[in-house]
Amino acid sequence: MTSVPINVPGGADRCLVMGVVNVTPDSFSDGGLWFDEAAAIRHGLELVQEGADLVDVGGESTRPGAARVSLEEELARVIPVIRALDAEGVPVSVDTMRAEVAKAAVEAGARLVNDVSGGLADPEMPRVVAATGVRYVVMHWRGHSHDMETRAVYTDVVTEVREELSKRVDLVLAEGVTEEQIVLDPGLGFAKNAEHNWAVLAGLPQLADLGYPLLVGASRKRFLGRLLADPDGTPRPFDRSDDATLAVTALAAHAGAWCVRVHEVGPNADAVRVAAAWKRAGANT
Ligand code: PMM
């Protein structure tokens, strides 16, 4: 199988929008909504209508504290949805930490493997991805959800995330993944508190220096709810932090992100167009 670069339809020069379909009962913001196969497929098609360039299908919640699902359960959740969306011509990515799921997903039509563990959770993953030739999102990750909060300890978060991602890149390249396949992701909220997340966003240019496209997944994450907390400290619920997600999308796109992973596609698709117009104008002056 040859490499399948995920390009913006029409070749437009802008950040891509990845819409999220969590086929799970327990994801943080949309757990249970698309757990039913038909609902998940319908939602994926809606996201494309709203402007998603690709649809990220996941069968395992990574919310802090979440327990893992079995391989069989994960396959049963994601493969029929991926096959159906691919049959409709939708560019699909699979959100998985398991090599077996990645392999089956690519066979079912997935064009990108989104591995939040960057190959750490399943040592077979880089070899399997190398064999498929599809794009590979290597996210910064320090451990599974059940105890990732205890790993949110850094002296200089941007430098450490950069170094740890760089090591992952060396490893996946040594396993046969090509440079063209790799996309990096700082992993907002994964072993990172709010302060770490903001530092990492501000440090996107240092991460971009590694020379790979960047994916940013800020959508509806708790650090946004905390920023927008009531005066008494009650965090804003995730379903009222979508405007903050939009702001991050515009800023990340302007900072050069290759792709944003979001739940609310329509307004984010508009935001990346705004950022692209701003950048184009800047380049022409
Ligand atoms: N975040 C979640 C799940 N998958 N994948 C990538 N590449 N980056 C992320 O930041 C990311 C991800 C968790 O979010 P959700 O459960 O709200 O979808």
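The values are calculated or read from the model by the stated rules, or taken from the named source; none is laboratory data. Computed from a predicted model, the values in this text were never measured in an experiment. Counting neighbours? That spans all protein chains shown, and the Cβs are built from the backbone with ideal geometry, glycine included. Heads up: the accessible areas ignore ligands, DNA and RNA and are worked out on the full protein's heavy atoms, side chains in. Shrake-Rupley method; radii C 1.70, N 1.55, O 1.52, S 1.80 Å.
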For this session: Out of the residues in the stretch 62-93 that are buried (at least 21 other Cβ atoms within 10 Å of the Cβ) and assigned to a loop (DSSP other than H, G, I, E, B), state the one that is farthest from the ligand (Cβ to nearest atom).
Result: V90
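Within the stretch 191-215, how many residues turn out to be farther than 22 Å from H144 by Cβ and either more than 15 Å from the ligand (Cβ to nearest atom) or under 16 Å from the mean Cα position of the chain (by Cα) (or both)?
Step one: list which residues in the stretch 191-215 are farther than 22 Å from H144 by Cβ, which gives 195, 198-199, 201-214.
Now drop any that are not either more than 15 Å from the ligand (Cβ to nearest atom) or under 16 Å from the mean Cα position of the chain (by Cα) (or both), which leaves 195, 199, 201-214.
Adding up the residues that qualify gives 16.
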For this session: Tell me, yes or no, whether the stretch 169-190 has at least one residue that is among the charged types (D, E, K, R), farther than 23 Å from R273 by Cα and within 16 Å of the ligand (Cβ to nearest atom).
Result: no
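So that you can scan it fast, the table gives a plain yes or no per residue for (1) over 15 Å from R261 (Cβ atoms); (2) free of Cβ contacts under 8 Å to residues at least 40 places away in the same chain; (3) under 15 Å from the mean Cα position of the chain (by Cα):
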residue: G44; (1), (2), (3): no, no, no
residue: L54; (1), (2), (3): no, no, yes
residue: E73; (1), (2), (3): yes, yes, no
residue: V94; (1), (2), (3): no, yes, yes
Exercise. Considering only residues of the stretch 18-49 that are open to solvent by 60 Å² or more (accessible area, probe 1.4 Å) and of a type in the set (F, W, Y), which is farthest from the ligand (Cβ to nearest atom)?
Worked result: F35
Exercise. When you look at Y212, is it touching a strand residue (DSSP E or B) at 6+ places or on another chain (Cβ under 7 Å), at pLDDT 95 or above and over 18 Å from D95 (Cα atoms), yes or no?
Worked result: yes
For this session: Kindly establish whether V55 is open to solvent by less than 20 Å² (accessible area, probe 1.4 Å) and not in a helix (DSSP H, G or I).
Result: yes
For this session: Taking the options E46, E74, E60, name whichever one is modelled with pLDDT under 95 and acidic (D, E).
Result: E60
Exercise. Can you tell me which residues in the stretch 96-108 are open to solvent by 10 Å² or more (accessible area, probe 1.4 Å) and over 18 Å from the mean Cα position of the chain (by Cα)?
Worked result: E100, K103, A104, E107
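Can you name the helices (runs of 4 or more DSSP H) wholly within the stretch 166-275 that have at least 3 residues being surrounded by fewer than 19 Cβ atoms within 10 Å (Cβ to Cβ) and among the small types (G, A, S)? Break it down stepwise before answering.
Working: elements: 194-202, 204-208, 222-227, 242-254.
The qualifying helices (runs of 4 or more DSSP H) are 194-202.
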Seminar exercise, completed: Of those in the stretch 135-165 that are of a type outside the set (A, V, I, L, M, F, W, C), at pLDDT below 95 and touching a Ser or Thr at 6+ places or on another chain (Cβ under 9 Å), the residue most open to solvent (accessible area, probe 1.4 Å) is H144
